[in-house]
Amino acid sequence: GEGFDAYAIQQKWQARWSEADPFRAGGHDDTRPRKYVLGMFPYPSGDLHMGHAESYAYVDIVARFWRHRGYNVLNPIGWDSFGLPAENAAIQRGADPRAWTYANIEQHKKSFREYGSSYDWSRILHTSDPEYYHWNQWLFQRLYERDLAYRKESPVNWCPHDQTVLANEQVVDGRCERCGTEVVKKKLTQWYFKITQYADRLLDDLNQLEGFWPSKVIRMQRNWIGRSIGADIDFTIEGRDEKVTVFSTRPDTLHGATFFVVAPESDLAAELAAGASADVRMRFQDYLDRVGKESEIERQATDRPKTGVFLERYAVNPVNGERLPVWAADYVLADYGHGAVMAVPAHDQRDLDFARAFDLPVKVVVDTTAPVTGSIPVIELDDNGDPIDPGFDGSTLADLDPAVTGVALTGEGRLINSGTLDGLNKRNAVARMIEELERSGSGRAAKSYRLRDWLISRQRFWGTPIPMIHTEDGRIVPVPGDQLPLTLPDVKGLDLTPKGTSPLGGAAEWMQTVDPETGEAALRDPDTMDTFVDSSWYFLRFLSPNATDHAFPVEEAHRWAPVDSYIGGVEHAILHLLYARFLTKVLFDMGLVDFTEPFSSLINQGMVLLSGSKMSKSKGNLVEFAASMVDPGADAVRVAIAFAGPVEDDINWEDVSTTGAQKFLARAWRVAHDVSSAPDVVWAEGDTALRRVTHRLLADAPGLVEQTKFNVVVARLMELVNATRKVIDTGAGPADPAVREAAEATAMILDLFAPHTAEEMWEMLGYEPFVGLATWRQADPTLLVEDSVTAVVQIDGKVRATLEVPARISSDELEAAARADERVLRSLGDKQIVRAIVRAPKVVSFSTR
Ligand code: ANZ
């Protein structure tokens with residue numbers, strides 16, 4: 001007879017889906033509640049691999065689930081199709097990045113169709129289409145109008161290999177995120193987006209995501225933004241009119257400042273050095289050259305020897321008039337705070353290391369041996385059981401002198417040698433100092449952030465041209481809106497080889513334009529945008545991917561956005577998510593969206609590994625997505641992935657059994673095949689035990705899916721299929737109404753994981769397609785009794801009775817039930833139980849005399 005033919009089933013249902021396009025989102029007249037489910041869109045570099053197979057399996061589970069639950073689901077797919085890999089591949093092959101990119105996209109589309117992903121195929125977008133990047137340019141100009149896009153010259157991260165600048169977020173451990181080359185600093189004039197203006201909101205709004213985003217991602221975002229609270233303090237530098245401001249988290253220690261440090265590459269350092277002796281000027285220049293070769297990470301390492309140059313100038317402490325020698329030293333960074341610090345060596349370890357290296361004075365202003373009220377001491381007991389004095393080990397302040405011990409006093413304590421602050425604890429001293437600084441006009445409360453503005457210029461070809469014009473007289477003006485999109489020139493004749501300037505600069509004709517105000521000749525901006533601009537708002541473009549008169553439809557955004565479920569890899573925990581959150585807030589401020597966070601909930605999947613390491617082309621351990629489906633079929637791959645473990649855990653591909661999944665699917669299919677009752681049987685007349693398994697799963701699966709416990713749902717489906725098989729083969733048989741009921745529930749739930757098989761089962765069971773659109777069956781509460789198991793009761797080694805008991809029964813309860821059981825009592829007669837061994841919930845063993 002006919003058997004389960006995964007391949008034929010797949011072909012059949014893919015053709016039907018292509019024809020009927022059943023997974024389009026409903027339009028305006030659709031009154032169902034809405035869910036926007038989105039997988040992070042793929043980058044078309046080469047073929048998809050198992051990491052994609054995993055991520056997009058989860059996306060499809062969630063999308064299909066909400067459809068079954070009665071929602072109007074939007075689940076679109078698009079391609080993040082600008083960027084370096086395409087350009088590099090094109091250079092290697094001497095091809096057009098366009099051709100390479102779109103060929104890969106075609107392959108991806110084919111794979112997704114083969115996977116049975118339930119996309120709304122009418123909404124495809126590619127960010128490299130002019131129809132899309134038009135709106136990047138539009139967005140850029142809106143940010144420019146709002147003063148959120150600007151140009152500045154500053155030292156930037158430069159990748160010598162890719163010959164382009166990188167955003168801070170694209171530098172990982174001092175290296176280029178893409179190619180691993182060590183990043184160097186280069187002074188360049190570049191375009192930035194003013195994300196720092198949104199730092200507080202980006203931080204504070206994370207609170208509303210708590211519980212909906214992985215806590216790890218929230219933590220990483222918080223650290224990345226890195227808000228510190230303290231004060232800005234203005235110092236006079238002798239012989240200089242303008243004051244210099246420093247940021248400090250410890251304004252309470254101002255009386256303990258003994259020197260002053262500026263970042264060597266700051267303008268201030270250059271200015272001060274210029275006025276120094278020839279000897280200092282020379283040493284400063286040498287030092288600057290050396291520092292230019294260091295990475296930020298190196299500079300911030302606490303354990304490296306301190307270096308610096310005394311600039312022969314003095315700063316004046318605003319609270320006591322003390323003269324502080326000014327040094328240039330690399331442990332102070334140019335682009336944090338104000339690029340200068342007041343050094344308090346007694347209470348800051350890096351300042352102390354520096355002071356000890358150069359014999360600078362150390363002045364203690366916080367007595368850390370003094371008890372501090374308001375803190376709760378932990379009382380420990382010594383060997384005799386006597387309390388050890390909390391927080392004080394008997395040392396005197398003299399014992400702790402940092403100049404001698406080399407250990408800065410960073411703990412709590414009371415202020416000393418600090419005038420009006422004496423006797424105060426840290427918190428009160430900080431408040432008092434800020435008050436005094438504000439009164440005297442030499443300081444104010446301030447915050448500082450790790451977050452830097454987002455550098456968006458790239459010196460590469462395959463990206464969105466920056467829609468600005470450089471006029472002859474040095475003005476920079478937007479390309480008039482009616483001239484957008486400003487499309488890329490033909491790649492023919494352009495040299496794409498990375499050489500530090502944008503290849504667009506070589507497109508002589510393209511570069512020529514006119515000043516829209518004067519009509520004079522002018523030049524285009526030769527740089528392209530960071531592709532993270534493209535991906536920061538694409539979720540809105542899916543709402544009208546083909547519109548030519550707007551970026552996205554505001555009304556539709558009210559209806560659909562924000563995204564309810566966003567699914568993708570944790571590698572995007574900072575970059576992409578931060579940028580998308582920023583852009584969303586800007587759009588909110590523009591009145592274009594009515595929400596401030598783009599992704600209401602976030603699911604991060606683990607990685608797919610092979611032999612314990614991340615799959616990658618370079619390691620040669622890449623399993624390609626399309627190839628993985630050939631033998632077992634798409635459904636088996638999807639089931640195997642879903643069954644492999646918790647979503648957030650890594651999957652070892654060797655441990656994943658597509659064979660096991662295939663067998664399970666064949667068993668499920670066979671159940672539907674064997675059902676011999678008609679669709680109108682009365683389920684209530686079916687086998688109660690099987691009905692209970694069915695209804696328990698119908699009741700539990702929604703919660704499990706919402707908690708992303710997909711593997712548990714698959715395991716429970718396997719149980720249901722086995723229970724059904726048992727009734728068919730050794731119970732009431734294939735005509736039992738409970739068998740049909742179970743098979744139908746199986747098809748419905750299996751649709752989340754194995755949609756081709758599920759559709760086939762649904763049809764075999766006599767229903768019209770598509771099970772993918774069928775409404776979830778309600779569980780019957782009367783069938784939701786607790787899971788029960790069969791416990792065996794032995795008397796002197798012989799089984800005398802079996803008991804149906806709740807699976808979670810305790811040993812005491814089980815023993816009591818056994819002792820009270822009629823058959824047990826009969827077998828015992830007048831014998832006495834002398835010993836009972838109980839293993840709940842399975843066995844009770846009595847011994848008698
Ligand atoms: C005086 C002081 C005394 C400081 C003290 C700390 C402890 P976070 O928490 O990272 O924000 N600082 C300020 N600007 C800097 C720069 N550009 N490069 C390196 N260090 C810089 O650190 C803020 C503290 O780091 C500031 O507070 C400043 O040192 C230093 F007992 O000021 B503090």
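Among Glu169, Glu153, which is the only one that is assigned to a helix (DSSP H, G or I) and under 15 Å from Asp335 (Cβ atoms)?
On the way: Glu153 fails: assigned to a helix (DSSP H, G or I).
From the options Glu169, Glu153, the qualifying one is Glu169.
Go through the residues of segment 491-498 one by one and say whether even a single one is within 16 Å of the ligand (Cβ to nearest atom), surrounded by fewer than 17 Cβ atoms within 10 Å (Cβ to Cβ) and under 37 Å from the mean Cα position of the chain (by Cα).
In the first step, residues of segment 491-498 are kept if they are within 16 Å of the ligand (Cβ to nearest atom); the result is none.
Checked against the condition, which is being within 16 Å of the ligand (Cβ to nearest atom), surrounded by fewer than 17 Cβ atoms within 10 Å (Cβ to Cβ) and under 37 Å from the mean Cα position of the chain (by Cα), segment 491-498 yields no hits at all.
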Yes or no: segment 399-410 includes at least one residue that is in contact with a strand residue (DSSP E or B) (Cβ under 8 Å, 6 or more places away or on another chain), closer than 30 Å to Trp224 by Cα, at pLDDT 90 or above and within 16 Å of the ligand (Cβ to nearest atom). yes
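Restricting attention to segment 72-107, report how many residues are outside any loop (DSSP other than H, G, I, E, B), of a type outside the set (A, V, I, L, M, F, W, C) and surrounded by fewer than 23 Cβ atoms within 10 Å (Cβ to Cβ). Before you say what the answer is, go through the steps one by one.
We begin by selecting, within segment 72-107, every residue outside any loop (DSSP other than H, G, I, E, B); these are 72-74, 78-79, 84-93, 97-107.
Then keep just the ones that are of a type outside the set (A, V, I, L, M, F, W, C); that gives 72, 78, 85, 87-88, 92-93, 97-98, 101-102, 104, 106-107.
Adding the requirement that they be surrounded by fewer than 23 Cβ atoms within 10 Å (Cβ to Cβ) leaves 72, 85, 88, 92-93, 98, 102, 104, 106-107.
Looking only at that region, the number is 10.
Please state which one of Asn711, Asn722 is in a helix (DSSP H, G or I), touching a Pro at 6+ places or on another chain (Cβ under 9 Å) and open to solvent by 30 Å² or more (accessible area, probe 1.4 Å).
Numbers: Asn722 fails: touching a Pro at 6+ places or on another chain (Cβ under 9 Å).
Every option except Asn711 fails the conditions.
Quick check: is even one residue across segment 274-284 away from the ligand (no atom under 15 Å from the Cβ) and basic (Lys, Arg)? Before the answer, list the steps.
Start the filter on segment 274-284 by keeping residues that are away from the ligand (no atom under 15 Å from the Cβ), which leaves 274-284.
From what's left, basic (Lys, Arg): 281, 283.
There is at least one residue in segment 274-284 that is away from the ligand (no atom under 15 Å from the Cβ) and basic (Lys, Arg).
Looking at segment 494-569, what strands (runs of 3 or more DSSP E) fall wholly within it and have at least 3 residues that are within 30 Å of Asn168 (Cβ to Cβ)? Write out each step before concluding.
Details: elements: 512-514, 521-524, 565-569.
Of the strands (runs of 3 or more DSSP E) lying wholly inside segment 494-569, those with at least 3 residues that are within 30 Å of Asn168 (Cβ to Cβ) span 565-569.
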Among (1) modelled with pLDDT under 95; (2) under 19 Å from the mean Cα position of the chain (by Cα), the one test that Gly27 misses: (2)
The conditions are (1) open to solvent by 40 Å² or more (accessible area, probe 1.4 Å); (2) away from the ligand (no atom under 15 Å from the Cβ); (3) in contact (Cβ under 8 Å) with a residue 12 or more places away in the chain, and Gly474 fails exactly one of them. Which is it? (3)
Some residue of segment 332-352 being touching a Leu at 6+ places or on another chain (Cβ under 9 Å) and more than 14 Å from the ligand (Cβ to nearest atom): no
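Have a look at Glu265, Glu182 and point out the one that is away from the ligand (no atom under 16 Å from the Cβ) and at pLDDT below 95.
Values: Glu265 fails: away from the ligand (no atom under 16 Å from the Cβ).
None of the other options fit; the residue is Glu182.
Suppose we filter Gly423, Gly419 for residues that are open to solvent by 30 Å² or more (accessible area, probe 1.4 Å), free of Cβ contacts under 8 Å to residues at least 12 places away in the same chain and closer than 30 Å to Glu322 by Cα; which single one remains?
On the way: Gly419 fails: free of Cβ contacts under 8 Å to residues at least 12 places away in the same chain.
Going through Gly423, Gly419 in turn, just one is open to solvent by 30 Å² or more (accessible area, probe 1.4 Å), free of Cβ contacts under 8 Å to residues at least 12 places away in the same chain and closer than 30 Å to Glu322 by Cα: Gly423.
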Only one of Asp655, Asp635, Asp650 that is buried (at least 20 other Cβ atoms within 10 Å of the Cβ) and among the charged types (D, E, K, R): Asp635
With respect to Arg777, is the statement that it is farther than 17 Å from Ser847 by Cα, open to solvent by less than 60 Å² (accessible area, probe 1.4 Å) and assigned to a loop (DSSP other than H, G, I, E, B) true? yes
In this structure, does Asp234 turn out to be within 16 Å of the ligand (Cβ to nearest atom), within 19 Å of Arg323 (Cβ to Cβ) and of a type in the set (Asp, Glu)? yes
Out of curiosity, is Ala199 within 16 Å of the ligand (Cβ to nearest atom), within 30 Å of Leu577 (Cβ to Cβ), touching a Phe, Trp or Tyr at 6+ places or on another chain (Cβ under 9 Å) and at pLDDT 95 or above? yes
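Quick grid of which residues meet (1) in contact with a Lys or Arg (Cβ under 6 Å, 6 or more places away or on another chain); (2) part of a helix (DSSP H, G or I); (3) buried (at least 18 other Cβ atoms within 10 Å of the Cβ); (4) of a type in the set (A, V, I, L, M):
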site	(1), (2), (3), (4)
Thr782	no, yes, no, no
Thr790	no, no, no, no
Thr802	no, no, no, no
Val805	no, no, yes, yes
Asp812	no, yes, no, no
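Report whether or not Ser295 is at pLDDT below 95 and away from the ligand (no atom under 15 Å from the Cβ). Don't jump to the end; show me each part of the working.
Values: at pLDDT below 95: yes; away from the ligand (no atom under 15 Å from the Cβ): no.
The answer is no for Ser295.
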Within the group Ala446, Ala508, Ala521, which residue is of a type in the set (A, V, I, L, M, F, W, C), surrounded by fewer than 21 Cβ atoms within 10 Å (Cβ to Cβ) and within 37 Å of the chain's Cα centre (by Cα)? Ala446
The listed residue being more than 16 Å from the ligand (Cβ to nearest atom), of a type outside the set (Ser, Thr, Tyr) and touching a helix residue (DSSP H, G or I) at 6+ places or on another chain (Cβ under 7 Å), out of Ile469, Ile456, Ile434: Ile456
Can you name the helices (runs of 4 or more DSSP H) wholly within segment 180-278 that have at least 2 residues being of a type outside the set (Val, Ile, Thr) and open to solvent by less than 10 Å² (accessible area, probe 1.4 Å)? 199-204, 267-274
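Only residues that are assigned to a loop (DSSP other than H, G, I, E, B) and in contact (Cβ under 8 Å) with a residue 24 or more places away in the chain: list them for segment 3-27, please. Don't jump to the end; show me each part of the working.
We begin by selecting, within segment 3-27, every residue assigned to a loop (DSSP other than H, G, I, E, B); these are 3-5, 21-27.
Passing the criteria: Gly3, Phe4, Asp21, Pro22, Phe23, Arg24, Ala25, Gly26.
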Check on Val372, buried (at least 24 other Cβ atoms within 10 Å of the Cβ) and either more than 8 Å from the ligand (Cβ to nearest atom) or modelled with pLDDT of 95 or more (or both): no
Only one of these conditions is not met by Val326: (1) more than 14 Å from the ligand (Cβ to nearest atom); (2) surrounded by fewer than 14 Cβ atoms within 10 Å (Cβ to Cβ); (3) within 22 Å of Phe247 (Cβ to Cβ); (4) not acidic (Asp, Glu). Which number is it? (2)
Out of all the residues in segment 43-65, which are buried (at least 24 other Cβ atoms within 10 Å of the Cβ) and either over 21 Å from the mean Cα position of the chain (by Cα) or more than 22 Å from Asp650 (Cβ to Cβ) (or both)? Pro44, Ala63, Arg64, Phe65
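The values are calculated or read from the model by the stated rules, or taken from the named source; none is laboratory data. A quick note: this is a predicted structure, and the numbers were derived from the prediction, not measured. So basically every Cβ, Gly included, is an ideal-geometry build from the backbone, and we count neighbours across all protein chains shown. The accessibility values were calculated without ligands, DNA or RNA, using every heavy atom of the protein model including side chains. Shrake-Rupley method; radii C 1.70, N 1.55, O 1.52, S 1.80 Å.
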